[in-house]
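**Q** Got a structure for you, written out below as structure tokens; questions coming shortly.
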Amino acid sequence: MADPAGTNTLQALVDELRTGCERSFGDAHAMPPGVYTSPDFLALEERDIFAQEWQCVGRASALKAAGDYLTARIGEQPIVVLRDEDMQLKAMSNVCLHRMSVLLEGRGNVRRIVCPYHAWNYSLDGALKGAPLMDRQAGFCKESYKLPQIRCEEWQGWIYVTLNQSAPPVHTQLAKLNELIDAYGMSNYIETFHEEHVWNTNWKILAENFMESYHLPMLHRATVGPHSRLEEMECPPGYPAFNYHWITKEASLPIGNAHPSNTRLTGHWRKTTALLAIYPTHLITLTPGYFWYLVLQPQGVGKVHIRFGGGLAPEFIADPEANAHMATLKQLLDEVNAEDRRGVEAVFRGVHAPLARPGQLSHLERPNYDFARYLAGKIGAH
Ligand code: FES
Ligand SMILES: [Fe+2]
């Protein structure tokens with residue numbers, strides 16, 4: 001962004017995105033290709049979105065015991081989220097206070113956080129407890145070291161973190177979503193699997209793919225496509241912090257419908273699936289019996305890191321048959337995801353084309369229109 005020509009190009013791209021977003025939904029178009037390919041645009045996203053917003057890093061049910069932890073990044077900041085001695089969720093910088101090595105990797109359980117470099121070690125609240133041989137240095141004061149704490153909140157069983165001290169609480173931002181999906185009782189859904197992947201596409205192309213079910217009959221023609229009924233899909237306008245749509249599907253597996261002992265959901269809700277896109281990067285498929293999700297993180301413009309997990313509603317957890325159904329479902333999800341991967345990687349190749357032009361959106365892509373307007377509202381706002 002140092003050279004003036006580059007700045008002008010970036011400003012022209014932001015203006016193009018904004019102008020596009022001023023169209024009414026009836027004449028809405030896809031976003032300009034540059035938003036998916038420009039490293040300068042990604043730098044704006046990092047500054048105005050990823051450094052500002054709450055981001056999901058996983059499911060609280062994955063951290064059951066004291067010392068259970070998971071690691072993640074917010075932009076360039078490695079973080080660790082753990083269950084402390086008092087069973088509270090805590091998020092901290094995952095960078096050693098000595099010569100700044102990253103501390104923990106992946107997921108696991110620790111009683112102390114021990115640095116893999118020189119073994120400085122920290123309690124679960126981040127206080128430095130040990131630093132080998134440092135007592136020979138007169139100026140060293142162990143008590144003055146504590147890992148920087150990071151804001152961490154739990155919402156509906158999800159762990160959210162942010163580096164922004166002034167971001168309004170998650171439950172405030174998602175109050176409307178709480179109302180919409182209250183009856184599912186998502187807080188109590190239990191994660192049964194979690195994986196991490198990297199795909200060769202821009203993070204927004206994958207997010208947008210999740211937001212619309214218009215592609216189901218074609219892209220997923222070999223799997224779930226034939227069971228999808230586009231005419232039964234409902235895509236209401238979104239809200240400032242999220243968009244959503246509803247689909248009803250003939251559940252091929254009993255876990256897609258509410259369990260007989262589920263008294264929270266009534267009528268058509270017992271077979272309705274909610275597709276939730278919580279900005280910027282948290283995508284949830286919530287059914288009466290199970291859920292699965294993606295959490296995205298850009299790795300440059302052309303790669304996206306994906307946390308992919310899912311699990312069961314509490315009524316199904318104890319049921320061995322449900323767990324077998326979940327295994328069947330996981331196989332299907334893997335096939336569907338492979339189709340989506342081909343789809344979104346093909347779009348990423350397409351948006352580089354000199355002749356690429358954004359076309360009009362269908363009525364089933366209302367969430368994409370809302371997502372574009374969310375981006376246009378955030379980019380350049382700080
Ligand atoms: S960098 Fe962590 S102990 Fe040296
Ligand atoms: Fe898909």
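**Q** Based on the alpha-carbon gyration tensor of segment 326-376 and its eigenvalue square roots a ≥ b ≥ c, which shape applies: rounded if a/c is under 1.5, prolate if not and a/b is larger than b/c, or oblate?
**A** Because a/c hits 1.5 or more and a/b fails to exceed b/c, segment 326-376 counts as oblate.
**Q** With a ≥ b ≥ c taken as the square roots of the eigenvalues of the C-alpha gyration tensor of segment 158-205, please select rounded if a/c is under 1.5 and otherwise prolate if a/b is larger than b/c or oblate if it is not?
**A** oblate
**Q** Given a 1.4 Å probe, how much area per residue of segment 163-266 is accessible, in Å²?
**A** 48
**Q** Right, here's the next one. Using the 2.2 N^0.38 Å rule of thumb for compact globular proteins, work out how the chain stacks up: its C-alpha Rg over that value, please.
**A** 1.05
**Q** I'd like the accessible area for Arg341: 1.4 Å probe, protein heavy atoms, all chains in place, Å² to the nearest 10.
**A** 80
**Q** Mind listing P(r) for segment 166-263? All alpha-carbon pairs, 10 Å bins, whole percents.
**A** Bins of 10 Å from zero give 11, 30, 44, 14, 1 percent of pairs.
**Q** So if R0 is 45 Å, what FRET efficiency would Asp27 and Lys64 give, r being the distance between their Cβ atoms, rounded to the nearest 0.05?
**A** Calculated transfer efficiency: 0.35.
**Q** Compute the signed sum of charges (Lys and Arg +1, Asp and Glu -1) over the other residues within less than 15 Å, Cβ to Cβ, of Gly300.
**A** -2
**Q** Here's a follow-up. Quick check for you: with a 1.4 Å probe and neighbouring chains kept, what is the accessible area per residue of segment 55-162, in Å²?
**A** Each residue of segment 55-162 exposes 48 Å² on average to a 1.4 Å probe.
**Q** Relative contact order for the chain using alpha-carbon pairs under 8 Å, separation at least 6, rounded to a whole percent?
**A** 20
**Q** Loop-only check: which trypsin sites (Lys or Arg not before Pro) in segment 7-61 are DSSP coil with at most 15 other Cβ within 10 angstrom?
**A** Those satisfying the criteria are Arg23.
**Q** Using only the C-alpha atoms of segment 265-309, find the volume of their convex hull and express it per residue in Å³.
**A** That works out to 65 Å³ per residue.
**Q** OK, next. For segment 131-150, list residues with backbone N below 19 Å from a point placed 7 Å from the Cα of Arg112 toward its Cβ?
**A** Residues 131-137, 140-148 fall inside that zone.
**Q** For each cysteine in the chain, check whether another cysteine's C-beta sits under 4.7 Å from its C-beta; list those where none does.
**A** Cysteines of the chain left without a disulfide-compatible partner: Cys21, Cys56, Cys141, Cys152, Cys235.
**Q** Separate question: FRET efficiency for Met100 and Glu231, Cβ-Cβ distance as r, R0 = 45 Å, nearest 0.05?
**A** Computed FRET efficiency for Met100 and Glu231 comes out at 0.20.
**Q** Across the chain, how many lysine pairs, 8 or more positions apart or on different chains, have C-alpha atoms separated by under 18 Å? Please give the number.
**A** Lysine pairs satisfying the spacing and distance rule in the chain number 9.
**Q** Can you compute the FRET efficiency between Lys330 and Met218 using 1/(1 + (r/R0)^6), with r the Cβ-Cβ distance and R0 = 30 Å? Round to the nearest 0.05.
**A** 0.80
**Q** Could you give the spread of the C-alpha atoms of segment 170-378 along their three principal axes, from largest to smallest, in whole angstroms?
**A** In descending order, the Cα extents are 56, 35, 33 Å.
**Q** Which value in deg cm²/dmol, rounded to the nearest 500, describes the helix-derived mean residue ellipticity at 222 nm for the chain, given -39,500 (n - 2.57) per DSSP H run of n ≥ 4 and division by the residue count?
**A** Result for the chain, helices only: -8000 deg cm²/dmol.
**Q** Let me ask something else about it. At 1.4 Å probe size, with every protein chain present, just tell me what the per residue accessible area of segment 281-382 comes to in Å².
**A** 40
**Q** Still on this model: For segment 1-135, what is the largest minus smallest coordinate of the Cα atoms on each principal axis, given in angstrom and ordered from greatest to least?
**A** That works out to 62, 37, 18 Å along the principal axes.
**Q** Let me ask something else about it. On the first, second and third principal axes, largest extent first, how far apart are the outermost C-alpha atoms of segment 1-60 in Å?
**A** Here the spans come out as 43, 38, 17 Å, largest first.
**Q** When the accessible area of the chain is computed with all protein chains present and a 1.4 Å probe, what percentage of it is carbon and sulfur?
**A** That share works out to 54 percent.
**Q** Work out how much length Lys146 to Ala183 would gain on full extension: take 0.36 nm times their residue separation and subtract the Cα-Cα distance, in nm to one decimal.
**A** 9.2 nm
**Q** Count charges around Tyr279 for me, please; just the other residues with Cβ under 14 Å from its Cβ, Lys/Arg as +1, Asp/Glu as -1.
**A** Counting the neighbours of Tyr279, the net charge comes to -1.
**Q** Just want the answer: with Cβ charges of +1 for Lys and Arg and -1 for Asp and Glu, which residue in Gly58, Gln297, Ala91 is farthest toward the dipole's positive end in the chain?
**A** Towards the positive end, the residue furthest out is Ala91.
The values are calculated or read from the model by the stated rules, or taken from the named source; none is laboratory data. Computed from a prediction, not measured in an experiment: that's the story for all the values here. Ideal geometry is used to build each Cβ from the backbone, glycine not excepted, and the neighbour counts take in all protein chains shown. Quick note on the areas: whole protein, heavy atoms, side chains included, nothing else; ligands and nucleic acids left out. Shrake-Rupley method; radii C 1.70, N 1.55, O 1.52, S 1.80 Å.
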